[in-house]
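Some notes on the structure that comes next.
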Amino acid sequence: MFSVLYKYKFSRLIIKPSVSDCFNSVLLKRKGWAVITALVFTTALTACQQPTTGQKDARVDQPDNVKINIASPDWGNAATLTAMGYPPIATGDIRVWDRWVGTPKLPTSTVDVGIRYQPNAELIAQLPVDMVVDNFFYEHARSLYGDVPAESIMFAAKGESATWADYTEPTRQLGKLIDEPKLAEDYVIKSHKDINLAGARLQQRYPNIKKFAVVQFADANNMRMYVANSLFQPALSQMQKELVVLGLGNSYGFVPIRMGDLAQLDEDVCLLIIDPLSPITRAEIKDSLVWQRLSYGNQRCMGELPPVWIYGGMSSLVGLAHNLSTVELKGGAAS
Amino acid sequence: MNTHIDNHPQHLNANNTNNIANPMTSLSTSQSVELSKQSPKTRQQSSGPPPTPPQPQNVSSFINSWRLWAMVITLILLSLWSSWALIAQEWTRPISELFLPSSQLDIASMATQLHLVATSIVALLAGGLLGVVSILLQQLVKNPLASDTTLGVGVGAQLAMLIVSLFLPSLAIYGGVYVAFVGAIISMGLVFALSAPSRFNPLILILAGLVVNILLAAVANVLVLFFAERSNGMLSWAAGFLAQNSWSTSLMLAITTIAMTAVCLPLLKPLTLMSLDDMQAKRLGVPINGIRATVVLIVAIVTALVVSEVGLIGFIGLGAASLVNALGVSSISKRLVAAFGLGALLLWLTSNVALLLEPILSMQIPAGAMTGILGAPLIIWLILRQRRERIETVIPTLTGKNTPVAYWRWGLGVVVMIVLACLFVQDVNGWGVSTDWAITEQYRLPRSLSAAATGLMLAVAGVLLQTLTRNPMASPEVLGVSSGAALGVILGFLLLPSLGFSAGAGTLLMSGLSGAIAVLLLIIWLARRVSSGYLLLVGIGIAAMMDGVMHMVKLSGDPRLEAMLSWLSGTTYSAQPSTVWYLIGIALVLFALSLLFIKPLRVLGLGTGVARTLGVAVTPVTIALLALVAALSTASTLAVGPLSFIGLMVPHLATSLGAVRLERQLPLAALLGAGVMVLADWIGRYVIFPYELPAGTVAAIIGGAYFLWLIRKVPIAVSR
């Protein structure tokens, strides 16, 4: 009884082809053109057979200007697809998208299916989903979408350290899935250019700062420091900067640390704080004795970045690079 | 049967009021009586204790008090050892340097120093303050089970802080204490208002505290779900992390302690006088109401201070106060000091253990969650100590006129409601009338039907329990069985994969069942030893334990557990067309079984003595009824998750509509329970579509609001 898995029954409204119309149009042809008639008849029949959303095996090739309807509960995939110009028709938790992801903005046509890990089953049943692009976190909810093909694309570090290839590979895979490899290739090239531009801009603004450490506060005392297998590594290395870490992280790309551990960082490392940061936590941090001694913002360099989805794809990388190039750094070598 | 109480219980009640009026003396008398008698089972307290001369201390009482003192000393030793272990783990420099002024240490050492010393100081002071608050509350309501947790003081403060933090964050930062104070006063006022008609009958008081706790927690839950964008960071504050970053909290709590000592000194004498009897104290010139109001204010302020600084810490106050009671300290000043010391030690020990466990579990553990987990054994121990106090009375809170009930109308109403719930829906295009039968059959109908079945089962369980324990505030979740089932499922989900089993639907069912059966066995074991009224408190403890485990689950951040969290709030998300019919079948079978029990239950409702004379086998029937209640609540928990309030309020709703006699109340309550759950489920599903409010939360809010409205209808001449 306790099960999130749904058994899905074929219950779509089947668009009945108006077979009679097809027959009439065929029978009106003259007898002399028997071969042509037969050919036309056959093609007409196959054209009349509209694919129902449930019968994917018999799917006819879509003409080029028809989009594949992708449902993508994973934010990284959804964001990258949107940045490529091919937004999914549905993703989850859209109401907190702006708070956690920021860019790119989802089009208003994208439907919100509720909590990502527990999407709204009856809403999904009403959507014409052609394909599901997610990864193993969302496998338990795959049956909600019915018999559509489900592909697993994950933007994550394959080894101990995340590299540029870890982000270009899945992007190209996405391009293959949507039958638009050129779109993906163009996007990869554009992203590369954008990141290089951002790196140049950052270098121009703050030439003295070479090392960064990235944290996100859970509360005033506990924070996560992002390590080499998170997306900050390829972003910063592409911009010719160094990511400083305090230890080996977990498989999600961070290591939980306390405020006092920040003292282990060198004086010339610039601290970047990722939003969202609630006003209460902000006030508590200011009150903290340890923070005051560390003197970030005065003797040490620090800056605050707008939200970036840590488990995002190429679009997160580009967004992060852009935010880095425009960030306001205070204190230390920045002033 | 609830209204036709003859004179017998009123007589009991009058004597019980006397009983309650002398908590200290009655406790010590009961203790000394218990200690000196060899056969405790024959001791009947139901006629009220005669004024007992102080019993001479004999050997067994000496041994018993020695045992208690040994426990206190063990507590002290454990606290010292744990803090030593913590220091050894974290602090690599000489111990003396731990107490240097912060500015002389380098940053890393200072951070560790704050982490160790400041946290310990905060733990000591906060625990002590909470202990003192609980003792004051116990003096106030003359009930050995009162505390800041059971009277819902802290949860009101926390909810107020949550509301303000969501909408007016600047006020939360600078004016946190005042906000928390207002919240604390409001929730305390609610609890007192709920229990005032019954003259602060101890059980009603505790259960009123439970009701307020559930209601306010549900409101907090709804707010967090509604405003998910803004509630980032709320969770860790609410969990009760004690770890400190600066000395400001320690300073604030130290000032509070000193101020509180200064304020309490002049109150000692009036409080001592008031502990005797209200009338005597009045004659001696004590302004009773003024003193009471002052105590309430002090309690609210101090709790607000503690909650706004460190978050909600539960059960420390109750533990300290119960230890003080057990040690038999009678003078009020000594009680306050002892409570401070014991509360300080308890919280310090808990905080040290939480910090020691951190590297082992590699996640931050809030002390507030740990106290919840320790609360259940504490309450059970407390109940076993308290079992001398037999609270046999029943106070009817709601009377209704005995009118004929047209069942078919109510049945039709429920069916119509289900149909409407399937028709008026939200879909891709917003609100509208649904015409798609396929989707309705697949998704909407099973959920509504499952809600109806669960509502039916819980309402029936509530009626059975309330009649059995002759307590209008009993309900299955208070019994703890649904919490036990939920705990079983959580532990199964977490531990089974590491043991090699896959955490699928079948195995989770088994683990949930075993959790429920474990709680049921505990209850049956306790049922033979304590009055059935006190069983209800076991549920509070187990629910608190589940709360603590849930907090740890939320904080671990595992995304798969997030899906479980909504189940824990009670949702019909996992209803499927194939299994919902089994659920309905089980519901109908159990309902039929309960109908069979109506006759013996009516007789049991007259009192165990009367029932025995009338030939009803009391214990087997009681155990069978408890098993039935457990089966009902387990089935509904496994289907929908633990739900609150349906079992509590629907029987009263049925009574108020005219079904006063049990034969009428049971079926009507079943129908009403089904209807209310269908409504709650529908609201939960569509109010923030496509996100969902758990049906349990909505039902808790509807139930809580209903209970507040209920107070107005309480008859005045209830228990004179």
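The values are calculated or read from the model by the stated rules, or taken from the named source; none is laboratory data. Model, not experiment: these values are computed from the prediction. When we count neighbours, we look across all protein chains shown, and the Cβ atoms used for this are built from the backbone with ideal geometry, even at glycine.
Okay, here's what the table says:
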{"item": "Matching option when the condition is within 14 Å of chain B (Cβ to nearest Cβ), touching a residue at least 12 places away in the same chain (Cβ under 8 Å) and closer than 30 Å to A:His192 by Cβ, among A:Phe155, A:Phe136", "result": "A:Phe136"}
{"item": "Residue in region B:540-549 that is modelled with pLDDT under 70 and either surrounded by fewer than 24 Cβ atoms within 10 Å (Cβ to Cβ) or assigned to a helix (DSSP H, G or I) (or both) present", "result": "no"}
{"item": "Helices (runs of 4 or more DSSP H) contained entirely in region B:263-323, each with at least 1 residues that are in contact with a Lys or Arg (Cβ under 7 Å, 6 or more places away or on another chain) and either surrounded by 14 or more Cβ atoms within 10 Å (Cβ to Cβ) or touching a residue at least 60 places away in the same chain (Cβ under 8 Å) (or both)", "result": "B:288-310"}
{"item": "Options B:Ala85, B:Ala108: the member that is within 14 Å of chain A (Cβ to nearest Cβ), surrounded by fewer than 19 Cβ atoms within 10 Å (Cβ to Cβ) and part of a helix (DSSP H, G or I)", "result": "B:Ala108"}
{"item": "Residues (among the hydrophobic types (A, V, I, L, M, F, W, C) and more than 17 Å from A:Val308 (Cα to Cα)) located in region A:78-118", "result": "A:Met84, A:Ile89, A:Ala90, A:Val111, A:Val113, A:Ile115"}
{"item": "Region A:188-215 residues that are under 14 Å from A:Met314 (Cβ atoms), paired with ones that are β-branched (Val, Ile, Thr) (beta carbon under 7 Å, 6 or more apart)", "result": "A:Val188/A:Thr168; A:Val188/A:Thr171; A:Ser191/A:Val318; A:Asp194/A:Val318; A:Ile195/A:Val318"}
{"item": "Region B:417-431 residues that are closer than 9 Å to B:Trp682 by Cβ, paired with ones that are of a type in the set (A, V, I, L, M) and in a strand (DSSP E or B) (beta carbon under 8 Å, 6 or more apart)", "result": "B:Phe424/B:Val433; B:Val425/B:Val433"}
{"item": "Flag for B:Ala617 being away from chain A (no Cβ under 14 Å), surrounded by 19 or more Cβ atoms within 10 Å (Cβ to Cβ) and without any contact (Cβ under 8 Å) to a residue 40 or more places away in the chain", "result": "no"}
{"item": "A:Arg99 vs. criteria modelled with pLDDT under 90 and in contact with a strand residue (DSSP E or B) (Cβ under 7 Å, 6 or more places away or on another chain)", "result": "no"}
{"item": "Of all residues making up region A:278-296, the number that are assigned to a loop (DSSP other than H, G, I, E, B) and modelled with pLDDT under 85", "result": "1"}
{"item": "Helices (runs of 4 or more DSSP H) (entirely within region B:439-514) containing at least 1 residues that are within 14 Å of chain A (Cβ to nearest Cβ), touching a residue at least 12 places away in the same chain (Cβ under 8 Å) and among the β-branched types (Val, Ile, Thr)", "result": "B:445-469, B:481-499"}
{"item": "Long-range neighbours under 6 Å by Cβ, at least six apart or interchain, first residue within 14 Å of chain A (Cβ to nearest Cβ) within region B:583-597, second not aliphatic (A, V, I, L, M)", "result": "B:Leu583/B:Ser450"}
{"item": "Single condition A:Val290 does not satisfy, out of (1) more than 16 Å from A:Ala220 (Cβ to Cβ); (2) touching a helix residue (DSSP H, G or I) at 6+ places or on another chain (Cβ under 7 Å); (3) within 14 Å of another protein chain (Cβ to nearest Cβ); (4) among the aliphatic types (A, V, I, L, M)", "result": "(1)"}
{"item": "Hits in region B:167-200 (condition: within 14 Å of another protein chain (Cβ to nearest Cβ) and under 24 Å from B:Gly703 (Cα atoms))", "result": "none"}
{"item": "Selection from region B:352-376 of residues that are farther than 14 Å from B:Ala126 by Cβ, within 13 Å of chain A (Cβ to nearest Cβ) and touching a residue at least 40 places away in the same chain (Cβ under 8 Å)", "result": "B:Leu355, B:Pro359, B:Met363, B:Gln364, B:Ile365"}
{"item": "Evaluation of B:Pro715 against (1) modelled with pLDDT under 80; (2) in contact with a Gly (Cβ under 8 Å, 6 or more places away or on another chain) (one fails), failing number", "result": "(2)"}
{"item": "Hey, A:Val113 more than 7 Å from every other protein chain (Cβ to nearest Cβ), crowded, with 19+ Cβ neighbours inside 10 Å, in contact with a helix residue (DSSP H, G or I) (Cβ under 6 Å, 6 or more places away or on another chain) and within 22 Å of A:Arg95 (Cβ to Cβ) or not", "result": "no"}
{"item": "Residue in region A:297-310 that is nearest to the other protein chains (Cβ to nearest Cβ), counting only those that are assigned to a strand (DSSP E or B) and in contact with a helix residue (DSSP H, G or I) (Cβ under 9 Å, 6 or more places away or on another chain)", "result": "A:Arg300"}
{"item": "Criterion: crowded, with 17+ Cβ neighbours inside 10 Å, within 14 Å of another protein chain (Cβ to nearest Cβ), out of contact with any Pro (no Cβ under 8 Å at 6 or more places or on another chain) and outside any strand (DSSP E or B) - qualifying residue of A:Val148, A:Val129", "result": "A:Val129"}
{"item": "Breaking point among (1) more than 9 Å from chain B (Cβ to nearest Cβ); (2) within 27 Å of B:Ala111 (Cα to Cα); (3) without any contact (Cβ under 8 Å) to a residue 60 or more places away in the chain; (4) outside any strand (DSSP E or B), for A:Ser251", "result": "(2)"}
{"item": "Subset of region A:257-304 that is of a type in the set (Gly, Ala, Ser) and free of Cβ contacts under 8 Å to residues at least 12 places away in the same chain - its residue that is farthest from B:Ala118 (Cα to Cα)", "result": "A:Ser278"}
{"item": "B:Thr119 out of contact with any Lys or Arg (no Cβ under 8 Å at 6 or more places or on another chain) and within 14 Å of chain A (Cβ to nearest Cβ)", "result": "yes"}
{"item": "Residue within region B:327-341 that is assigned to a helix (DSSP H, G or I), within 14 Å of chain A (Cβ to nearest Cβ), under 23 Å from the mean Cα position of the chain (by Cα) and not aromatic (Phe, Trp, Tyr) present", "result": "no"}
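Yes/no per residue for (1) over 19 Å from A:Ser161 (Cα atoms); (2) at pLDDT below 90; (3) within 11 Å of chain B (Cβ to nearest Cβ); (4) in a helix (DSSP H, G or I):
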| site | (1), (2), (3), (4) |
| --- | --- |
| A:Asp219 | yes, yes, yes, no |
| A:Arg224 | no, yes, yes, no |
| A:Leu246 | no, yes, no, no |
| A:Pro256 | no, yes, yes, no |
| A:Cys270 | yes, no, no, no |
| A:Ile273 | yes, no, no, no |
